1. Could you list, in sequence order, all residues of region 31-59 that are among the charged types (D, E, K, R) and more than 19 Å from the chain's Cα centre (by Cα)?
2. List pairs: first in region 21-40 and free of Cβ contacts under 8 Å to residues at least 12 places away in the same chain, second in a helix (DSSP H, G or I), Cβ under 7 Å, 6+ apart or cross-chain?
3. Considering only residues that are surrounded by fewer than 10 Cβ atoms within 10 Å (Cβ to Cβ) and not in a loop (DSSP other than H, G, I, E, B), which ones fall in region 28-58?
4. Scan region 1-25 for residues that are at pLDDT below 90 and aliphatic (A, V, I, L, M) and jot them down.
5. For region 35-51, how many residues meet the condition of being of a type outside the set (K, R) and at pLDDT below 90?
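The values are calculated or read from the model by the stated rules, or taken from the named source; none is laboratory data. The model shown is predicted, which means the values in this text are computed figures rather than measured ones. Every residue, glycine as well, gets a Cβ built from its backbone with ideal geometry; the counts of neighbours run over all protein chains shown.
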Amino acid sequence: MASICMIIIMLPFFFLGMYERDGQPLEKIAKQFIQAKFVRPKVRPYQTNNYYAVLIRQAQAEMEVNHIVYGEKSVPKNRKKKPEHAEESD
């Protein structure tokens, strides 16, 4: 009777020790499950690093540096500079 009770008690632990899914033992699967369900945030917003936005920020930073270093007048974004060869009327 004692041996049957020992077999019944040890059988689930034996199956847990022998269980393997996709080449991973139960401990790793359980760790990944716990992280996915409890540790990591539920909502993962999609964020990208837009390369073109980085280029625009870099160009704006260079324009600021040129303005500080060379003292160029800043031109509003909605207006264009006058062409240098334009005739001035007196």
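1. The answer is K31, K37, R57.
2. Once the first residue is free of Cβ contacts under 8 Å to residues at least 12 places away in the same chain and sits in region 21-40, its partners that are in a helix (DSSP H, G or I) give R21/I29; L26/L16.
3. K37, F38, V39, Y51, Y52
4. Of everything in region 1-25, those that are at pLDDT below 90 and aliphatic (A, V, I, L, M) turn out to be L16, M18.
5. Residues that pass the stated criteria total 9.
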